[in-house]
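*Asks:* Below you will find the structure I want to go over with you.
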Amino acid sequence: MNTREQLAGVLVFDSSALQKQPNLPTEFVWPHKDLVGNQDELEEPLIDLDGFLKGDEVETAHAAELLRVACLHHGFFQVTNHGIDSSLIRAAYQEIDTIFKLPLDKKLSVRRQPGGVCGYSGAHADRYSSKLPWKETFSFEYNGNHSHPVVVDYFKHFLGEHFQPTGWVYQRYCEEMRRLSLVIFELLAVSLRVDRYYYKEFFEDGSSIMRCNNYPPCNNSGLTLGTGPHCDPTSLTILHQDEVGGLEVFANNKWQAIRPRSDAFVVNIGDTFMALSNGKYKSCLHRAVVNRERERRSLVFFVCPKEDKVVRPPQDLVCIEGPRKYPDFTWSDLLDFTQNHYRADVATFQSFIKWLPSSKTI
Ligand SMILES: C=C1C[C@]23C[C@H]1CC[C@H]2[C@]1(C)CCC[C@@](C)(C(=O)O)[C@H]1[C@@H]3C(=O)O
Ligand SMILES: O=C(O)CCC(=O)C(=O)O
Ligand SMILES: [Fe+2]
């Protein structure tokens with residue numbers, strides 16, 4: 001099957017074949033406004049979790065203040081001394097290669113189904129016909145249920161028994177991501193001066209989406225994007241990028257590159273947490289660029305609340321900050337919106353709020 005051979009009318013993303021073509025197919029060309037170059041690096045703030053994890057109240061207050069300034073401004077920060085073993089991160093990257101080096105027909109046999117998030121996607125070519133992202137993704141769900149290794153089951157069921165070891169690496173990785181997310185939610189509550197356990201309890205029974213991103217090199221890297229400008233509709237994103245670099249955040253009114261740090265996790269506020277902060281904290285606008293020489297990979301953990309739980313900010317925040325900014329909604333509705341009605345971009349949440357009344361009432 002060649003690159004442009006149709007699979008039921010869908011372009012098949014075979015980057016090595018695409019690279020041999022003289023020009024970038026028009027489906028991958030992005031508008032100039034999305035391609036504007038970055039101007040410098042955004043490093044701050046680097047939040048050291050060590051003091052907070054040890055229960056040091058002075059260090060906790062300091063970390064919470066750094067968090068507050070960042071989340072009021074652009075919704076992006078990085079955490080170090082997070083307690084996650086570097087060998088687990090290394091193993092997760094090794095397994096990314098295992099997945100994306102599979103033969104194309106094997107990857108397509110576990111492709112994402114319409115309306116769903118889980119499975120393989122090549123440039124989202126089955127979903128969109130323009131502004132295709134130059135990437136492959138593999139996504140699966142994690143529900144935090146320790147009694148049942150759902151991630152292991154997913155890999156065994158869809159990729160085969162011999163993928164059990166891969167499943168265990170991501171099972172362990174997701175368990176660590178969930179643990180880190182609950183630490184961050186507690187710190188976010190402290191920074192917002194609300195009940196310290198409000199968000200931690202809100203997400204205790206949540207589910208999450210784990211996504212492996214693979215960005216092949218692209219000869220025309222200046223005309224396309226790995227992931228277009230967007231705010232994550234989810235609550236909190238905990239991302240690790242490899243040493244290649246490509247993640248950019250829109251802050252201080254310009255695109256700023258995030259230099260890879262193997263010892264840090266990048267964390268950004270998503271639309272759902274913006275609503276949980278009654279609009280006080282910003283949902284972070286970001287994108288991923290590609291390059292001509294090197295393949296780039298990222299591990300992305302999207303934290304979500306239980307699907308049918310009503311998303312509303314804590315009462316003491318509304319009392320302090322004034323009237324509710326957004327209506328009640330559920331993550332299930334917002335996920336449905338992004339998977340079946342709207343391509344997530346820089347304006348997802350505003351479009352969702354307008355769509356909500358016409359779709360259903362709580
Ligand atoms: C709920 C989700 C939809 C996306 C994956 C998660 C959170 C981020 C979203 C996404 C990455 C935003 C940019 C567009 C998108 C289509 C993509 O490039 O993958 C989005 C994801 C998706 O709809 O699959
Ligand atoms: O790969 C990256 O650096 C960013 C990916 C991203 O923003 C996403 O998958 O939502
Ligand atoms: Fe994102």
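*Asks:* Out of the range 289-333, which residues are within 16 Å of ligand 2 (Cβ to nearest atom) and farther than 17 Å from Tyr199 by Cβ?
*Replies:* Within the range 289-333, Val289, Val290, Asn291, Arg294, Glu295, Arg296, Arg297, Ser298, Leu299, Val300 meet the criteria.
*Asks:* Ser262: assigned to a loop (DSSP other than H, G, I, E, B), in contact with an Asp or Glu (Cβ under 8 Å, 6 or more places away or on another chain) and touching a residue at least 60 places away in the same chain (Cβ under 8 Å), yes or no?
*Replies:* yes
*Asks:* Oh, and also: Can you say whether Gly279 is surrounded by fewer than 22 Cβ atoms within 10 Å (Cβ to Cβ), more than 16 Å from ligand 1 (Cβ to nearest atom), over 29 Å from Ser16 (Cβ atoms) and small (Gly, Ala, Ser), as far as the supplied structure shows?
*Replies:* yes
*Asks:* Within the range 129-149, how many residues are more than 30 Å from Ser16 (Cα to Cα) and either of a type in the set (Lys, Arg) or without any contact (Cβ under 8 Å) to a residue 12 or more places away in the chain (or both)?
*Replies:* The total comes to 3.
*Asks:* Right, here's the next one. Does Asp345 satisfy the condition of being touching a residue at least 12 places away in the same chain (Cβ under 8 Å), in a helix (DSSP H, G or I) and surrounded by fewer than 21 Cβ atoms within 10 Å (Cβ to Cβ)?
*Replies:* Considered against the rule, which asks whether it is touching a residue at least 12 places away in the same chain (Cβ under 8 Å), in a helix (DSSP H, G or I) and surrounded by fewer than 21 Cβ atoms within 10 Å (Cβ to Cβ), Asp345 comes out as no.
*Asks:* Please count how many residues of the range 231-245 are more than 10 Å from ligand 2 (Cβ to nearest atom), more than 18 Å from Ser208 (Cβ to Cβ) and either at pLDDT below 95 or among the small types (Gly, Ala, Ser) (or both).
*Replies:* The number of residues fulfilling the criteria is 0.
*Asks:* Within the range 309-325, is there a residue that is closer than 23 Å to Met210 by Cβ, more than 14 Å from ligand 3 (Cβ to nearest atom) and surrounded by 15 or more Cβ atoms within 10 Å (Cβ to Cβ)?
*Replies:* There is at least one residue in the range 309-325 that is closer than 23 Å to Met210 by Cβ, more than 14 Å from ligand 3 (Cβ to nearest atom) and surrounded by 15 or more Cβ atoms within 10 Å (Cβ to Cβ).
Results for (1) modelled with pLDDT of 95 or more; (2) in contact with a Leu (Cβ under 9 Å, 6 or more places away or on another chain); (3) not polar (S, T, N, Q), shown as yes or no for each residue.
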residue: Gly83; (1), (2), (3): yes, yes, yes
residue: Ala92; (1), (2), (3): yes, yes, yes
residue: Glu95; (1), (2), (3): yes, no, yes
residue: Arg112; (1), (2), (3): yes, no, yes
residue: Ala125; (1), (2), (3): yes, yes, yes
residue: Phe140; (1), (2), (3): yes, no, yes
residue: Asn143; (1), (2), (3): no, no, no
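Conditions tested, residue by residue: (1) within 16 Å of ligand 3 (Cβ to nearest atom); (2) within 24 Å of Asn38 (Cβ to Cβ); (3) under 19 Å from the mean Cα position of the chain (by Cα).
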residue: Glu141; (1), (2), (3): no, no, yes
residue: His146; (1), (2), (3): no, no, no
residue: Pro165; (1), (2), (3): no, no, no
residue: Cys174; (1), (2), (3): no, no, yes
residue: Gly222; (1), (2), (3): no, yes, no
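*Asks:* Here's something else I'd like to know. Name the residues in the range 195-228 that are buried (at least 20 other Cβ atoms within 10 Å of the Cβ), in a loop (DSSP other than H, G, I, E, B) and away from ligand 2 (no atom under 16 Å from the Cβ), would you?
*Replies:* Gly206, the sole residue that qualifies.
*Asks:* Give the residue that is nearest to ligand 3 (Cβ to nearest atom), with candidates limited to residues of the range 277-301 that are within 18 Å of the chain's Cα centre (by Cα) and over 21 Å from Arg211 (Cβ atoms).
*Replies:* Only one residue fits best here, namely Lys282.
*Asks:* Do you know which of the residues in the range 290-311 that are in contact with a Cys (Cβ under 9 Å, 6 or more places away or on another chain) and part of a loop (DSSP other than H, G, I, E, B) is nearest to Asp205 (Cα to Cα)?
*Replies:* Across the range 290-311, the extreme among qualifying residues is Val290.
*Asks:* If a residue must be surrounded by 18 or more Cβ atoms within 10 Å (Cβ to Cβ) and out of contact with any helix residue (DSSP H, G or I) (no Cβ under 7 Å at 6 or more places or on another chain), how many such residues does the range 282-308 contain?
*Replies:* The number of residues fulfilling the criteria is 11.
*Asks:* When you check Ser181 against the structure, is it within 16 Å of ligand 3 (Cβ to nearest atom), modelled with pLDDT of 95 or more, not in a helix (DSSP H, G or I) and not aliphatic (A, V, I, L, M), yes or no?
*Replies:* Here the answer is no, as Ser181 does not meet what is asked.
*Asks:* Kindly indicate whether Lys135 is at pLDDT 95 or above, within 11 Å of ligand 1 (Cβ to nearest atom) and buried (at least 21 other Cβ atoms within 10 Å of the Cβ).
*Replies:* When the stated conditions are applied, Lys135 passes them.
*Asks:* Turning to a different aspect of this structure: Which pairs turn up if I take residues in the range 19-42 that are under 16 Å from Ile258 (Cα atoms) and look for partners that are outside any loop (DSSP other than H, G, I, E, B) and hydrophobic (A, V, I, L, M, F, W, C) with beta carbon separation below 6 Å, at least 6 apart in sequence or on another chain?
*Replies:* Asn38/Trp255; Asn38/Ala257; Glu41/Ala257; Leu42/Val249; Leu42/Ala251
The values are calculated or read from the model by the stated rules, or taken from the named source; none is laboratory data. Everything quoted here is computed from the prediction, not taken from an experiment. When we count neighbours, we look across all protein chains shown, and the Cβ atoms used for this are built from the backbone with ideal geometry, even at glycine.
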